[in-house]
Every structure is written in structure tokens, then in C-alpha cells.
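Accompanying notes for the structure given below.
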Amino acid sequence: MQGATAKMTRKCAHVASAFACVFVLGFGPAPGTAHATGGLACSIDDDNLKLDFNGVYSHSIPKIHAVGGEFQSKLPRTPKSLQQFALDSSDLLQQWWQDNDLKLLIYRETQGDDPFASVQLVIQTNGTSNEELSYAGNYRLKLWGASDSGQTPVTAEGKVACWDNQ
């Protein structure tokens, strides 16, 4: 009986090691493992505005989160507290990223004791290449100042470029 048990143990050990090899080779880490997230960057630098925008997006659902960067308005009527600020996720109020379109709405208001004023930046782009994430388009910047009550906002327009920064 001991001989049969020893033979069965050797057979099981052989089967177990073969199974382990198949598992590692067949189901283990594959080369070129897909990434679940990517990075998006947008840039504007003209007479009206300097913007460095970056964010993280999900490949499965094109939603931008973990926003960062810098906003600097060069327009003379920009409220002082909104002339330059660091971007964060709360500034990205709306986003549309579908097929060939990328649209972003960045908005910020004055805080605390400052009189109400706000900046609104709308970015509208279209894909420029099928092979890589690259977008080009236009922006529209609107500024509402505390002294502008009842007046139309100051507006500026220009070009914007966005790309995959990963």
C-alpha cells in the first residue's frame, strides 16, 4: 500500500507542477500590459491667456479627474484674485469627451471677502490624429468683474492644443 501511495504522491506532484507552469505561462502577466489610466494636457499661451492644464483620465470611461495646472489671465480687467491661480478638480465643472470631440468648462469665482467676480474658460477641440491622442481647437474666456454688474463680460478667444502626456 505504501508503494501505491508514494507512486500517487509523485504523480500528483508532477501534475501540480505542470498545472502551475500552464497557469503562469497562460495566465501570468503579459507583455504590454494595458494601463487603466492616461494623462491629458492642454496648453494656451497667447496675448490673452496662459494655461497649463493636466488631468488623469480613465480608458474605460473617458472622465478627467485629478486636475492640476496653472491659469494666468493677461487681460487688463481680470479681477486681481483671479489673475493667476493653480487649477484643481473643482475648477473643471463640465467635460465632454466623446469620439473625436473634447470639450472642457473651467470656472472659478472669487472667494471670501472679495467682491464677486468670475472667470469661465470653454475649450472646444477636435482630434487631429487617429494614431495618438492629439486635439486642436479654440477657447473662449469670459471674465465677470465686481464693477461689471449689468455689463457684458470681457471675452477673449484663441487657439488651444491638447495631447496625451503619458
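The values are calculated or read from the model by the stated rules, or taken from the named source; none is laboratory data. A quick note: this is a predicted structure, and the numbers were derived from the prediction, not measured. Neighbour counts run over all protein chains shown; Cβ positions are idealised from the backbone, glycine included.
Within the set Thr128, Thr110, Thr78, the sole residue that is more than 20 Å from Asp45 (Cβ to Cβ) and over 15 Å from the mean Cα position of the chain (by Cα) turns out to be Thr110. Can you spot a residue in the range 13-22 that is more than 20 Å from Thr125 (Cβ to Cβ), at pLDDT 95 or above, of a type outside the set (A, V, I, L, M) and over 16 Å from the mean Cα position of the chain (by Cα)? Taking every residue of the range 13-22 in turn, none turns out to be more than 20 Å from Thr125 (Cβ to Cβ), at pLDDT 95 or above, of a type outside the set (A, V, I, L, M) and over 16 Å from the mean Cα position of the chain (by Cα).
Selection within the range 104-126: residues that are surrounded by 13 or more Cβ atoms within 10 Å (Cβ to Cβ) and of a type in the set (Gly, Ala, Ser). The member of this set that is farthest from His65 (Cα to Cα) is Ala117. Scanning the range 87-113 for residues that are in contact with a Phe, Trp or Tyr (Cβ under 9 Å, 6 or more places away or on another chain) and either part of a helix (DSSP H, G or I) or farther than 28 Å from Thr128 by Cβ (or both) turns up Asp91, Arg108, Glu109, Thr110. Taking the criterion of being at pLDDT below 95 and either within 15 Å of Phe53 (Cα to Cα) or polar (S, T, N, Q) (or both), the residues of the range 77-94 that qualify are Thr78, Ser81. Somewhere in the range 65-74, is a residue assigned to a loop (DSSP other than H, G, I, E, B) and more than 19 Å from the chain's Cα centre (by Cα)? Yes. Just to be sure before I move on: is Asp101 surrounded by fewer than 18 Cβ atoms within 10 Å (Cβ to Cβ) and either out of contact with any strand residue (DSSP E or B) (no Cβ under 8 Å at 6 or more places or on another chain) or of a type in the set (A, V, I, L, M) (or both) in the structure I sent? So Asp101 does not fit the description; no. Just one residue in the set Asn100, Asn48 is at pLDDT below 95 and in contact with a Gly (Cβ under 6 Å, 6 or more places away or on another chain); that residue is Asn100.
Residues that are crowded, with 18+ Cβ neighbours inside 10 Å and among the aliphatic types (A, V, I, L, M) within the range 134-155 comprise Leu141, Leu143, Val154, listed in sequence order.
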